[in-house]
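This report refers to the structure that appears directly beneath it.
The values are calculated or read from the model by the stated rules, or taken from the named source; none is laboratory data. The shown structure was predicted, so the numbers you read here are calculated from the model rather than taken from an experiment. Backbone-built Cβ (ideal geometry, glycine too); neighbour counts: all protein chains shown.
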Amino acid sequence: MKILHCADVHLGSVLEASLTQARAKERRNELMLTFSEMIRFAEREKVQAVIIAGDLFDAKDVPPRTVDHAFRLMEMAEGITFFYLRGNHDEAPVSDVPANVVVAPRGGDWIYYSLDDVTVAMCDPSENDNSYPYRLKFDRDRTNIAVLHGQIVQSVQAEKDRIPLRALRGQYIDYLALGHLHTYQTDQLDDRGIYCYSGCLEGRGFDECGTKGFVLLETRGGKIEYEFIPFAKRTMHEVHADLSQCENMAQIEHAVLNNVARIPKDDMVAVHLDGAVDLGTGMNLTYLEQMLKGRFYAARLYDDTHLRMDPADYAQDFSLRGTFIREVMKSDLPETEKQKIIMCGMDILAGGEGAL
Ligand SMILES: [Mn+2]
């Protein structure tokens, strides 16, 4: 039997912190489109059950039309049973749930559902329920899938949004389907089973880098095989460009380009500039940012460079430039701020005004 495990779809995310308004709107639709595409994939693959391990919706104020559309898409996949465990983000009111969607009750106990020789159990415990891991009752002779949402911890004590792995060992779990962490991650739970975070379906912010998708499980004779399926429409990439060897802006431009050369133009990039940069390079962040934004769907530049400069060189320099550098250096501003001000001041003194 085939079962699909996804989580952290975050439908209805606002996304305006990382994207322009128009892109955010487009990307919001893309989150829904990928979810819809995933359901069609499940139908093509003759998947019997789809597990949604929490955070299907982003927030309490997700529009009712978003919630309704997601449910109607699930309803149309008649042959599939959806197991929906709500996560810490799923606070939007849920109504008109289709017959093929099983929702774990909020603050409730484990609920069990049988599909041939497989048992799926979900639990959405109340905040102060510390004993839910110990109330799990699986039959050792069946193939058992448990579904939870939260951060795994190496303790035996259950806390809010924390899953105590040790308390779940020896409970005949074959596959612990998890949601909450946005990156695919899997490891052994005990002698018998494994735990797995499917990760999110699409990277949304500049911190959600890497390949995103879901997990496809196949159960056969008491054994579970599982495979991560990359599925995101766009990927967020994180790259580091070391500028230590660059002597001018043209070399900086090339160093950045070399690091993003293999990234598809429809993807998103977070570029971190590293290394020590000479004052004479005239580094222009606006120019670099414009270059990246023109090349990719979305881009953000993080300037983690530091200025290679010896204040002693300016001790006897009584020009406007030297005086300016000395004044900034002796202020109590943080070092990174001083660098930015000096770079900006040098650009203005050279008549650049931020443009090349
Ligand atoms: Mn979560």
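Within the range 118-133, restricting attention to residues that are modelled with pLDDT under 95 and among the acidic types (Asp, Glu), the residue that is surrounded by the most Cβ atoms within 10 Å (Cβ to Cβ) is ASP129. Restricting attention to the range 308-321 and to residues that are assigned to a helix (DSSP H, G or I) and more than 16 Å from GLY282 (Cα to Cα), the residue that is modelled with the highest pLDDT turns out to be LEU320. Collect the residues in the range 139-160 that are closer than 24 Å to TYR226 by Cβ and modelled with pLDDT under 95, keeping them in residue-number order. Once the filter is applied, which keeps residues that are closer than 24 Å to TYR226 by Cβ and modelled with pLDDT under 95, the range 139-160 yields VAL153, GLN154. If you check ALA241, ALA261, ALA299 for being more than 23 Å from ALA7 (Cα to Cα) and surrounded by fewer than 18 Cβ atoms within 10 Å (Cβ to Cβ), only one passes: ALA261.
Which residue, of LEU115, LEU176, LEU136, LEU168, is touching a residue at least 12 places away in the same chain (Cβ under 8 Å), surrounded by 14 or more Cβ atoms within 10 Å (Cβ to Cβ), within 15 Å of ILE224 (Cα to Cα) and touching a helix residue (DSSP H, G or I) at 6+ places or on another chain (Cβ under 8 Å)? Only one candidate passes the filter, namely LEU176.
The residue of the range 83-99 that is modelled with the lowest pLDDT, among those that are buried (at least 17 other Cβ atoms within 10 Å of the Cβ) and touching an Asp or Glu at 6+ places or on another chain (Cβ under 9 Å), is ALA92. Taken over the range 52-76, residues that are under 24 Å from GLY205 (Cα atoms), in contact (Cβ under 8 Å) with a residue 24 or more places away in the chain and not in a loop (DSSP other than H, G, I, E, B) amount to 7. Being of a type in the set (A, V, I, L, M, F, W, C), within 12 Å of GLY282 (Cβ to Cβ) and either free of Cβ contacts under 8 Å to residues at least 24 places away in the same chain or buried (at least 17 other Cβ atoms within 10 Å of the Cβ) (or both) is the filter here; which residues of the range 332-356 pass it? Of everything in the range 332-356, those that are of a type in the set (A, V, I, L, M, F, W, C), within 12 Å of GLY282 (Cβ to Cβ) and either free of Cβ contacts under 8 Å to residues at least 24 places away in the same chain or buried (at least 17 other Cβ atoms within 10 Å of the Cβ) (or both) turn out to be ILE342, MET343, CYS344, MET346, ILE348. Any residue that is in the same structural domain as GLU78 (by TED's automatic domain parsing), away from the ligand (no atom under 15 Å from the Cβ) and either under 15 Å from the mean Cα position of the chain (by Cα) or loosely packed, with under 14 Cβ neighbours inside 10 Å (or both) - is there at least one of those in the range 46-59? Yes, there is a match, as at least one residue in the range 46-59 is in the same structural domain as GLU78 (by TED's automatic domain parsing), away from the ligand (no atom under 15 Å from the Cβ) and either under 15 Å from the mean Cα position of the chain (by Cα) or loosely packed, with under 14 Cβ neighbours inside 10 Å (or both).
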